[in-house]
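The values are calculated or read from the model by the stated rules, or taken from the named source; none is laboratory data. Everything numeric here is computed off the predicted structure, so don't read it as measured data. All Cβ positions, even for glycine, are placed from backbone atoms using ideal geometry, and neighbour counts span all protein chains on display. Ligands, DNA and RNA are excluded from the accessible area calculation, which covers all protein heavy atoms including side chains. Shrake-Rupley method; radii C 1.70, N 1.55, O 1.52, S 1.80 Å.
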Amino acid sequence: MVDTNGEVISRGRAKREGMGFTSPDQDRVRTKIQVENLSLFYGNSQALKNVNVSIADREITALIGPSGCGKSSFLRCLNRMNDLIPDTRVEGDIKLDGESIFKKNVDVVALRRRVGMVFQQPNPFPKSIFDNVAYGPRLHRLCSKSELADHVERSLRQAALWDEVKDKLRSSALELSGGQQQRLCIARALAVQPEVLLMDEPCSALDPISTFRIEELMLELKQQYTLVIVTHNMYQASRVAKFTGFFLNGELVEFGLTRDIFERPKDPRTDDYVRGRFG
Amino acid sequence: MSERPSIRRTFESQLQALEQNLLRLGSMVEEMLDGAITALVNQDVALANRVIARDDEADQLDLDIEIECMNLLALQQPMSRDLRLIGTVLRATTDLERIGDYSVDIAKVAIRLSGTPYFKPLVDIPRMAQLAKKMVHDTLRAFVDRDLAAVQRICTTDDDQVDAMNSRLFDELLAAMQTRPEVVVQAAYFLLVTRFLERVADHCTNIAERIFYMETGELVELA
């Protein structure tokens with residue numbers, strides 16, 4: 001899907017242009033993360049097998065696949081979260097803006113600031129709403145004390161939570177609903193000004209309305225950030241993502257424009273999975 | 001992997017039922033077209049009336065199929081081939097219903113012209129009707145067999161033949177109207193019939209193009 005210049009080309013574009021489905025501009029995007037021959041081992045067990053893919057800048061990329069297929073392991077490779085798991089070995093390379101994230105001089109904390117993460121279960125700190133968002137900027141000394149309130153407000157606004165919490169910033173974050181907590185976690189991730197946001201099943205613990213809110217938020221965030229989401233919910237992938245990758249047994253079976261993956265996948269294994277015939 | 005037993009058996013059977021209903025509608029309009037042409041050739045008013053009476057049944061079946069499609073889209077969130085199948089059926093049912101409507105139109109012409117002998121024996125119109133009927137039949141067959149070679153043939157050779165015949169009959173009937181004013185009314189109705197048959201063939205190519213989409217994922221003009 002990506003040519004040698006790092007530009008994403010859609011299959012059969014000329015034909016679809018004729019049918020009014022797309023414009024060429026939509027299909028030409030810059031690569032933010034380049035994954036090359038990536039394999040991941042937990043001890044003797046291989047979790048990822050020679051994955052090659054380009055993640056588009058300022059777009060939403062969804063990773064789908066059955067449980068244990070490697071999609072979350074892959075996500076955690078992108079900001080080296082797997083470093084925290086003992087006996088983990090990585091082969092191949094991941095380049096963020098063309099620079100390997102595995103180089104010796106890479107500061108992993110700085111990397112995780114650039115590549116933030118939101119998890120399945122909302123996990124606010126047992127602190128106030130304000131302090132949850134201010135935590136990262138304080139730690140990384142991103143702004144002065146006088147600027148901190150503005151910074152927190154900006155992050156909460158970006159996470160579409162400001163209007164709901166502006167009058168209770170000193171209340172405990174744990175008093176918020178599940179959906180609000182998840183948006184708070186997104187605000188917390190945004191507060192350290194990342195470039196990439198990794199989201200691991202960000203809506204699986206949320207009700208449908210909260211889910212739609214988060215999805216709408218993702219679509220707004222992609223104007224500024226590169227988003228990679230892991231989801232069991234194929235319809236979520238189809239609603240928000242421009243690109244989708246299907247993982248199976250550690251292999252990236254197919255990667256392409258989301259509409260191609262869900263309307264006319266090339267690989268029969270993808271076809272079986274998206275049609276729910278997998279079994 | 002495709003050989004494995006499906007884990008969505010209920011959905012599979014709903015899709016099969018949908019296909020069966022489309023084929024039922026297809027058979028119904030095929031019979032209606034056949035009846036309409038026979039009624040026209042034999043000036044058989046009773047048969048023409050039977051064709052017209054079946055239209056409500058065809059319309060109801062078309063509506064039922066559309067409702068089934070919308071239900072499956074809303075409730076089953078189909079993807080990939082399943083989505084393309086439902087999209088194809090949704091489109092094809094409208095095309096088949098229109099073929100039913102054209103059959104009714106031809107039956108009405110048969111009734112209108114039943115009182116007087118034709119100014120010449122009908123030879124070419126039944127021939128053109130035969131071609132159009134065969135296209136309907138072959139299109140349904142291609143849907144069942146997922147036969148892309150047949151799809152190509154329907155959209156090229158078959159449709160071209162019907163178009164050529166339509167064009168030739170137009171010239172002949174126009175010439176007859178110019179030289180024999182007393183046949184103008186009959187000839188004008190025959191012109192309508194050739195136009196209806198030409199449209200039947202076009203609806204077949206529409207369906208054939210959707211069969212191509214269903215099988216390949218490519219939405220393209222083939223005719």
**OP:** Could you pull out the residue among A:GLU99, A:GLU59 that is without any contact (Cβ under 8 Å) to a residue 12 or more places away in the chain and either open to solvent by less than 60 Å² (accessible area, probe 1.4 Å) or closer than 26 Å to A:GLN223 by Cα (or both)?
**Re:** A:GLU99
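Is there a residue being within 8 Å of chain B (Cβ to nearest Cβ), crowded, with 19+ Cβ neighbours inside 10 Å and in contact with a strand residue (DSSP E or B) (Cβ under 8 Å, 6 or more places away or on another chain) anywhere in segment A:221-232?
Step one: of segment A:221-232, the residues within 8 Å of chain B (Cβ to nearest Cβ) are none.
Checking segment A:221-232: not a single residue is within 8 Å of chain B (Cβ to nearest Cβ), crowded, with 19+ Cβ neighbours inside 10 Å and in contact with a strand residue (DSSP E or B) (Cβ under 8 Å, 6 or more places away or on another chain).
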Original post:
Looking at segment A:141-160, is at least one residue modelled with pLDDT of 95 or more, in contact with a strand residue (DSSP E or B) (Cβ under 7 Å, 6 or more places away or on another chain) and of a type outside the set (A, V, I, L, M)?
Top reply: no
**OP:** Please give the number of the condition B:THR93 fails out of (1) among the polar types (S, T, N, Q); (2) away from chain A (no Cβ under 13 Å); (3) over 28 Å from B:VAL193 (Cβ atoms).
**Re:** (3)
**OP:** Go through segment B:90-135 residue by residue and tally those that are crowded, with 21+ Cβ neighbours inside 10 Å, in contact with a Lys or Arg (Cβ under 9 Å, 6 or more places away or on another chain) and under 30 Å from B:ARG8 (Cα atoms).
**Re:** 2
**OP:** Output yes when any residue across segment A:106-118 is in a loop (DSSP other than H, G, I, E, B), within 19 Å of A:ASN79 (Cα to Cα) and open to solvent by less than 80 Å² (accessible area, probe 1.4 Å), and no when none is.
**Re:** yes
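Can you list the helices (runs of 4 or more DSSP H) lying wholly within segment B:45-161 that have 3 or more residues being in contact with a Pro (Cβ under 9 Å, 6 or more places away or on another chain)? Talk me through it step by step, then tell me what you get.
Working: elements: B:45-76, B:80-112, B:124-145, B:148-153.
Hits in segment B:45-161: B:80-112.
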**OP:** Please determine, by comparing only the residues of segment B:211-223 that are within 13 Å of chain A (Cβ to nearest Cβ) and within 18 Å of B:THR157 (Cα to Cα), which one is most open to solvent (accessible area, probe 1.4 Å).
**Re:** B:GLU221
Original post:
If B:ALA107 satisfies every condition in (1) under 16 Å from the mean Cα position of the chain (by Cα); (2) small (Gly, Ala, Ser); (3) within 14 Å of chain A (Cβ to nearest Cβ) but one, which is the exception?
Top reply: (3)
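Quick check: anything in segment B:71-89 away from every other protein chain (no Cβ under 14 Å), hydrophobic (A, V, I, L, M, F, W, C) and open to solvent by 40 Å² or more (accessible area, probe 1.4 Å)?
no
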Original post:
Does any residue in segment A:230-244 that is farther than 15 Å from A:PRO202 by Cβ come within less than 8 Å, Cβ to Cβ, of a residue that is modelled with pLDDT of 95 or more and hydroxyl-bearing (Ser, Thr, Tyr) six or more places away or on a different chain, and which pairs are these?
Top reply: A:SER238/A:THR244; A:SER238/A:THR258; A:LYS242/A:THR61; A:LYS242/A:THR258; A:PHE243/A:THR61; A:PHE243/A:THR258; A:THR244/A:THR61; A:THR244/A:THR258
Subject >> B:ASP171 among the acidic types (Asp, Glu), in a helix (DSSP H, G or I) and open to solvent by 50 Å² or more (accessible area, probe 1.4 Å) >> reply: yes
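Quick one: which strands (runs of 3 or more DSSP E) sit completely within segment A:29-105 and have at least 1 residues that are within 16 Å of A:ASN249 (Cα to Cα) and in contact with a helix residue (DSSP H, G or I) (Cβ under 9 Å, 6 or more places away or on another chain)? Let's see the steps before the verdict.
Values: elements: A:31-42, A:45-56, A:60-64, A:88-96.
The strands (runs of 3 or more DSSP E) meeting that bar are A:31-42, A:45-56, A:60-64.
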